[in-house]
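Following: one structure in structure tokens, then a few remarks.
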Amino acid sequence: MTEYLDQVTKMTNFSQVPQSALQILNNIQIKVDTRETGKSEKVLGIDADETEIQVTMTIPLPMPMPGTNANGIELNGHFQVWKPKPAENERMPALREIGIYYEQARKIGLDAGATMTKLFGAFPGMGDKMAELVSAMQKSGSVTLKLHGEFTMPGIAAMLAQAKASSENVPSIPEGPLIEFNSNMKELNTDSIPDSAFQIPEGYQEAPLADVIKAFLPGASK
């Protein structure tokens, strides 16, 4: 995984990206607010606490557009995250085992937070800005039992309305979030994983990691 992340970062080529686009990436602002709601519920029989995370990303634009403010267009994210209460980590061996794994991954820089920060670090100006969001998502432990998230972009409706007024054929945007997703843990146990799960499937062959990355990133540098 370390090799994979290093090569993806090194091979991401921004030499052909216009300077104006790079400037926009550098000037993106991200604000993260978190709060403990005080709400609890059981997930798979595990007592879980809810945390809300509000993210506001302001993307600067080279020129004013409908639905934007003086700073640019906003993308708002709202997350509800349920994580085990501290006592549950002591009560359940499976939670303890996962917690130990995540702690080991954190120490060597391969936990989800470090991975996301490193991947976004390939985009100019984004690595440090995503670190705060990652830190908020990992607060109170790395094991997430349940997650609900949604993204809204208030300004896009105004932009499309202006386009329609100009007789352009653009889609209508329904009320509510543009993107909504849910993640729920299905099962948690300490059963052994069979060796077959780690074997290369029949019909596949080994290839250098760099070649695999190039297949997905045609513009990747050598």
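Only the coordinates and a few stated rules stand behind these numbers; no lab work does. If you're wondering where the values come from, they're calculated on a predicted model, not measured in any experiment. Ideal geometry is used to build each Cβ from the backbone, glycine not excepted, and the neighbour counts take in all protein chains shown.
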Packing-based order for 32-41, 186-195, using average beta carbon neighbours within 10 Å, highest first: 32-41, 186-195
³J(HN,Hα), Karplus 6.51/-1.76/1.60, whole Hz, each residue of region 26-33, x for Gly, Pro: 5, 9, 5, 10, 10, 10, 10, 10
Relative packing of peptides 42-50, 197-205 - highest average C-beta neighbours within 10 Å first: 42-50, 197-205
Vicinal HN-Hα couplings computed from phi for region 74-88 (Karplus, 6.51 cos²θ - 1.76 cosθ + 1.60; Hz; Gly/Pro x): 9, 10, 10, x, 10, 10, 10, 10, 10, 10, x, 5, x, 5, 5
